[in-house]
Amino acid sequence: MIRCCIFDLDGTLLNTLDALTYTTNRVMERFGLGPVDEAHIRQFVGDGYQLLMERALRFCGDEALTHYEESLQVYTELFARYSMYQVRPYDGIPELLEGLKARGIRIAVLSNKPHPRTVENIETVFGAGYFDVVAGEQPGIPRKPDPAGVVRILDQLGVRPEECLYFGDTNTDMRTGLGAGLITVGVAWGFRDREELEAFHPPYLISHPQEVFQRILPELA
């Protein structure tokens, strides 16, 4: 029986691509670099803002990462201002979450986005207290795909790995869910293509949130 669902944030629950692209390019502008197109931002995000900045700087020609340390400070400053820029839930996500809650299934968020911005995204769109647990990147807890964040959420909710679905849209998420022993669901509406997810052979790969009720939960009941 499924008792819990853990969701990645960017590219899974919320389309945050405009905010990430806008902020990244404002950072690059500070150093006379850029722009970075959305197609590359899709590939650069998912592993924390430190790697996003490293990848963006290299893409813009700063191979020596001359501006790396300063870019982290600038990104943190600007993202606090622009993290909600044109952010919106994906089609079917509000209905999925309502349906899970109605069935008594706990819901949680685990993101590599800085924790304050994760909370801001979730509470602005869904409201404070809507999710049982919201966890972004925090000091002392390794980022995904390390399973530490998943283990912490399972402990908080008193749920075993085999009782939990994990949803994500990137290779990082597939490694996170599978590595932590969760029933992993690749979502094909996010930032990466279907082939990237298929390469990890997750138990489920879906194109719309309603497939959770149409296929996944009935099979696991």
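Residue under question is residue 93, and the condition is that it be surrounded by 17 or more Cβ atoms within 10 Å (Cβ to Cβ) and either touching a helix residue (DSSP H, G or I) at 6+ places or on another chain (Cβ under 6 Å) or among the hydroxyl-bearing types (Ser, Thr, Tyr) (or both); does it hold? Show your work before the answer.
On the way: surrounded by 17 or more Cβ atoms within 10 Å (Cβ to Cβ): yes; either touching a helix residue (DSSP H, G or I) at 6+ places or on another chain (Cβ under 6 Å) or among the hydroxyl-bearing types (Ser, Thr, Tyr) (or both): no.
No.
Return yes when residue 142 is under 18 Å from the mean Cα position of the chain (by Cα), open to solvent by 60 Å² or more (accessible area, probe 1.4 Å) and over 22 Å from residue 93 (Cα atoms) and no when it is not.
Numbers: under 18 Å from the mean Cα position of the chain (by Cα): yes; open to solvent by 60 Å² or more (accessible area, probe 1.4 Å): yes; over 22 Å from residue 93 (Cα atoms): yes.
The answer is yes for residue 142.
Let's see how each residue does on (1) in a helix (DSSP H, G or I); (2) more than 30 Å from residue 159 (Cα to Cα); (3) under 19 Å from the mean Cα position of the chain (by Cα):
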residue: 28; (1), (2), (3): yes, yes, no
residue: 63; (1), (2), (3): no, yes, no
residue: 81; (1), (2), (3): yes, yes, no
residue: 86; (1), (2), (3): no, yes, yes
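Out of the residues in the stretch 30-61 that are of a type in the set (A, V, I, L, M, F, W, C) and over 19 Å from the mean Cα position of the chain (by Cα), which is most open to solvent (accessible area, probe 1.4 Å)?
In the first step, residues of the stretch 30-61 are kept if they are of a type in the set (A, V, I, L, M, F, W, C); the result is 31, 33, 36, 39, 41, 44-45, 51-53, 56-57, 59-60.
Filter once more, so that each one left must be over 19 Å from the mean Cα position of the chain (by Cα): 31, 33, 36, 57, 59-60.
Working: 31: 34, 33: 39, 36: 4, 57: 0, 59: 84, 60: 31 Å².
So the residue we want is 59.
Hey, does the stretch 63-71 have a residue that's closer than 22 Å to residue 17 by Cβ and of a type in the set (Asp, Glu)?
So the first thing to find is which residues in the stretch 63-71 are closer than 22 Å to residue 17 by Cβ, and the list is 71.
Still in the running and of a type in the set (Asp, Glu): none.
No, the stretch 63-71 contains no residue that is closer than 22 Å to residue 17 by Cβ and of a type in the set (Asp, Glu).
Which numbered condition trips up residue 122, out of (1) more than 26 Å from residue 29 (Cβ to Cβ); (2) under 14 Å from the mean Cα position of the chain (by Cα); (3) surrounded by fewer than 19 Cβ atoms within 10 Å (Cβ to Cβ)?
So residue 122 meets the others, but not (3).
The values are calculated or read from the model by the stated rules, or taken from the named source; none is laboratory data. This is a predicted model, so every value here is computed, not measured. Glycine gets a Cβ as well: all are built from the backbone with ideal geometry, and neighbour counts include every protein chain shown. In case anyone asks, the SASA skips ligands and DNA or RNA and just uses the protein heavy atoms, side chains included. Shrake-Rupley method; radii C 1.70, N 1.55, O 1.52, S 1.80 Å.
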